[in-house]
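Taking it in order: structure first as structure tokens, then the write-up.
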Amino acid sequence: MTVGIIGGGFLGMCLATKLSSQNIQVEIFESQDQLGGLATWENYGDFFWDRFYHVILPNDNYLLSFLEECGLGDSLKWKKTRTGYYVDQQFYSISSSAEFLTFPPLDLLSKIRLAFTIYYGSMLKDWEKLETITSKQWLIKTGGSKNYEKFWKPLLLAKLGEFHDKVSAVFIWSYIKRLFEARENANKEEMGFLKGGYKSVFDKLAQIVENNKGKIHLSTRVDNVELDTTGKIAVHYGGMNRSFDKVVFTGPTTLLKNTVSPKLVEIKNLSDINYLGVVCMVLVTTKPISPYYVLNIADHSIPFTGVIGMSSLVDNEYTGEQYITYFPKYVNASDPILDDEVTDIRKVFMEGFSKLYPGFNSENIVSVHINKARRVQPLQVLNYSKTIPSIETLHEDFYVLNTSQFVNDTLNNNSVAKHVERFLHENLKQFTGAESEFNKAI
Ligand SMILES: Cc1cc2nc3c(=O)[nH]c(=O)nc-3n(C[C@H](O)[C@H](O)[C@H](O)COP(=O)(O)OP(=O)(O)OC[C@H]3O[C@@H](n4cnc5c(N)ncnc54)[C@H](O)[C@@H]3O)c2cc1C
């Protein structure tokens with residue numbers, strides 16, 4: 001059995017690792033010159049780390065067991081981190097119950113309502129009802145407008161930028177479940193990372209796939225996928241082609257239409273999908289910038305919507321004795337900033353940085369990087385599960401598995417690992433002829 005996998009992001013590589021471990025011969029086609037997609041890495045001079053920031057939560061069970069299976073369990077490190085808020089030009093830590101109780105922007109009644117919202121959200125099971133109202137409406141209804149303005153809006157802005165009031169309540173519900181359940185389980189705000197960042201994951205997955213006789217084609221954009229004359233699925237790239245028993249497409253749905261023959265797939269409602277993009281400045285410094293893993297910002301004069309103090313989580317022995325901090329701004333995929341010159345973005349973001357941290361000596365800045373991605377995540381707008389582009393594969397040997405199919409999950413690699421597991425549970429028999437051994441509880 002030969003399987004072609006289009007896309008060498010975490011999803012494609014997770015699938016390739018699992019299929020190749022079942023003696024299936026896989027070939028991965030990745031258009032970029034390195035694996036990883038959104039979870040890929042950058043060379044920051046003295047060290048490699050993620051292009052965008054990634055954290056692992058204690059309740060990321062699917063991801064953690066996959067990493068363990070791959071022999072990466074020993075590379076995991078855990079640390080207690082802090083969360084901050086920048087409200088009314090002041091920094092506040094909300095990293096413990098005591099800090100929460102003394103958070104000045106909220107009075108006691110608001111805090112009680114906030115605690116109730118979090119508890120109520122984490123207990124809710126029927127997410128489909130939440131699709132009909134926005135996160136903003138649900139949060140105001142459940143916890144009041146003061147809580148919304150001072151607590152939830154900065155958090156939504158940090159995650160969604162201008163779309164903070166457009167997503168359905170499923171977004172905030174899945175966020176509350178993922179983040180607050182993690183804290184409850186671990187009884188503290190402990191977060192995880194891998195020594196070497198996600199580069200170490202992709203290096204390991206590539207090694208497993210190649211040891212299992214799989215092939216990885218980098219800098220290889222697939223231009224077309226169609227049925228060949230023998231009934232196999234042909235993948236065309238750079239003037240060449242390879243035919244497979246089965247092909248799985250893992251790239252964004254918006255690219256599917258231009259890449260795959262209409263004889264293999266029918267896509268409806270494609271125009272309804274709205275992707276969120278991101279522009280992210282990364283500073284490498286000789287001194288730490290932020291004590292918080294996440295700083296949520298409620299200040300429109302700051303050009304980015306959050307600060308991710310990666311070095312508050314990752315000890316600097318893993319980052320060349322330097323400190324790494326991310327400054328993301330989430331935007332519409334069609335926002336012109338995604339086409340702006342890097343130097344223009346750098347200028348605006350650095351002005352925002354100086355405003356937020358006026359005391360930081362610029363001599364301690366080693367390097368400034370600007371990273372962008374146009375298609376990070378389909379926006380979970382109102383009634384997303386009903387308006388999601390419907391993808392019907394028209395041939396039993398062609399499959400689509402991508403993150404636009406996550407209707408009640410936030411985008412993260414635990415969800416990716418879960419969806420790969422579910423896919424294998426549902427389809428492995430067609431790949432191997434054997435019953436699936438994959439997690440039957442899904
Ligand atoms: C700013 C940011 C922060 C994040 N933080 C976290 C976090 O803290 N924790 C967490 O778990 N997750 C986080 N994530 C999410 C995580 O990065 C994603 O879950 C994951 O990368 C999705 O992987 P994927 O393979 O589904 O998609 P992608 O990474 O988009 O991979 C798709 C791949 O397909 C390739 N491709 C597409 N079309 C073709 C073609 N025609 N031919 C060949 N190749 C093609 C693309 O080049 C790409 O490499 C974050 C993401 C971002 C952007």
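Summed over region 324-358, the residues that are under 22 Å from the mean Cα position of the chain (by Cα) and outside any helix (DSSP H, G or I) give a count of 13. In region 17-32, the residue that is nearest to Tyr292 (Cα to Cα) out of those that are more than 11 Å from the ligand (Cβ to nearest atom) and among the aliphatic types (A, V, I, L, M) is Leu19. Suppose we keep only residues that are in a helix (DSSP H, G or I) and open to solvent by 50 Å² or more (accessible area, probe 1.4 Å) within region 419-436. Which one would you say is nearest to Gly192 (Cα to Cα)? Selected residue: Arg422. Is it the case that region 278-301 has a residue that's of a type in the set (Asp, Glu) and under 30 Å from Lys146 (Cα atoms)? Among the residues of region 278-301, at least one is of a type in the set (Asp, Glu) and under 30 Å from Lys146 (Cα atoms), which makes the answer yes. Right, Ile297: surrounded by 20 or more Cβ atoms within 10 Å (Cβ to Cβ), touching a residue at least 60 places away in the same chain (Cβ under 8 Å) and not charged (D, E, K, R) or not? It is true that Ile297 is surrounded by 20 or more Cβ atoms within 10 Å (Cβ to Cβ), touching a residue at least 60 places away in the same chain (Cβ under 8 Å) and not charged (D, E, K, R).
For Phe91, are the conditions met, namely being in the same structural domain as Asn414 (by TED's automatic domain parsing) and either touching a residue at least 12 places away in the same chain (Cβ under 8 Å) or open to solvent by less than 50 Å² (accessible area, probe 1.4 Å) (or both)? Spelling it out, it is not the case that Phe91 is in the same structural domain as Asn414 (by TED's automatic domain parsing) and either touching a residue at least 12 places away in the same chain (Cβ under 8 Å) or open to solvent by less than 50 Å² (accessible area, probe 1.4 Å) (or both). Condition check for Trp49 on (1) under 18 Å from the mean Cα position of the chain (by Cα); (2) open to solvent by less than 30 Å² (accessible area, probe 1.4 Å); (3) within 11 Å of the ligand (Cβ to nearest atom): one failure, at (3). Checked against (1) out of contact with any strand residue (DSSP E or B) (no Cβ under 8 Å at 6 or more places or on another chain); (2) within 15 Å of the ligand (Cβ to nearest atom); (3) closer than 26 Å to Asn211 by Cβ; (4) not charged (D, E, K, R), Met13 meets all criteria but (1). The residues on offer are Lys111, Lys125, Lys79, and the sole one that is on the phi < 0 side of the Ramachandran plot and touching a Leu at 6+ places or on another chain (Cβ under 6 Å) is Lys79. Residues in region 247-284 that are away from the ligand (no atom under 16 Å from the Cβ) and crowded, with 21+ Cβ neighbours inside 10 Å: Val284 alone. Only one entry in Ile297, Ile289 is over 23 Å from the mean Cα position of the chain (by Cα) and not in a helix (DSSP H, G or I), namely Ile289. Only one of the listed residues (Leu57, Leu35) is within 13 Å of the ligand (Cβ to nearest atom) and either at pLDDT below 95 or touching a Cys at 6+ places or on another chain (Cβ under 6 Å) (or both). That residue is Leu57. Flag: Thr40 matches the condition of being of a type in the set (Val, Ile, Thr), within 13 Å of the ligand (Cβ to nearest atom) and closer than 30 Å to Met281 by Cα.
I'd like the full set of residues that are surrounded by fewer than 21 Cβ atoms within 10 Å (Cβ to Cβ) and among the small types (Gly, Ala, Ser), limited to region 1-35. Answer for region 1-35, where residues must be surrounded by fewer than 21 Cβ atoms within 10 Å (Cβ to Cβ) and among the small types (Gly, Ala, Ser): Ser21, Ser31. If the condition is being of a type outside the set (Val, Ile, Thr) and more than 16 Å from the ligand (Cβ to nearest atom), then region 304-326 contributes Asp315, Asn316, Glu317, Tyr318, Gly320, Glu321, Gln322, Tyr323.
Restricting the first member to region 343-355 and to residues that are open to solvent by less than 90 Å² (accessible area, probe 1.4 Å), and the second to residues that are among the aromatic types (Phe, Trp, Tyr), the beta-carbon pairs closer than 9 Å and six or more apart or on different chains are Phe349/Phe304; Phe349/Phe327; Gly352/Phe304; Gly352/Phe327; Phe353/Phe304; Phe353/Phe327; Phe353/Phe360; Ser354/Phe360.
Against the test of being among the basic types (Lys, Arg), within 30 Å of Glu396 (Cβ to Cβ) and modelled with pLDDT of 95 or more, the options Lys268, Lys287, Lys246, Lys257 yield a single qualifying residue, Lys246.
Note on region 365-398: residues that are open to solvent by 20 Å² or more (accessible area, probe 1.4 Å) and away from the ligand (no atom under 11 Å from the Cβ) total 21.
Pairs are defined by a Cβ separation below 6 Å, a sequence spacing of at least 6 or placement on different chains, a first member in region 418-429 that is over 18 Å from Leu64 (Cβ atoms), and a second member that is among the small types (Gly, Ala, Ser) and not in a helix (DSSP H, G or I); the pairs so defined are His425/Ser436; Leu428/Ser436.
Apart from one condition, Thr229 fits all of (1) surrounded by fewer than 22 Cβ atoms within 10 Å (Cβ to Cβ); (2) in contact with a helix residue (DSSP H, G or I) (Cβ under 9 Å, 6 or more places away or on another chain); the exception is (2).
Where helices (runs of 4 or more DSSP H) fall wholly inside region 114-226, the ranges with 1 or more residues that are surrounded by 18 or more Cβ atoms within 10 Å (Cβ to Cβ) and in the same structural domain as Glu42 (by TED's automatic domain parsing) are 197-211.
The values are calculated or read from the model by the stated rules, or taken from the named source; none is laboratory data. Keep in mind that this is a model prediction, so the values were computed, not measured. We place every Cβ from the backbone using ideal geometry, glycine too, and count neighbours over all the protein chains shown. Surface accessibility is based on the protein's heavy atoms, side chains included, excluding ligands, DNA and RNA. Shrake-Rupley method; radii C 1.70, N 1.55, O 1.52, S 1.80 Å.
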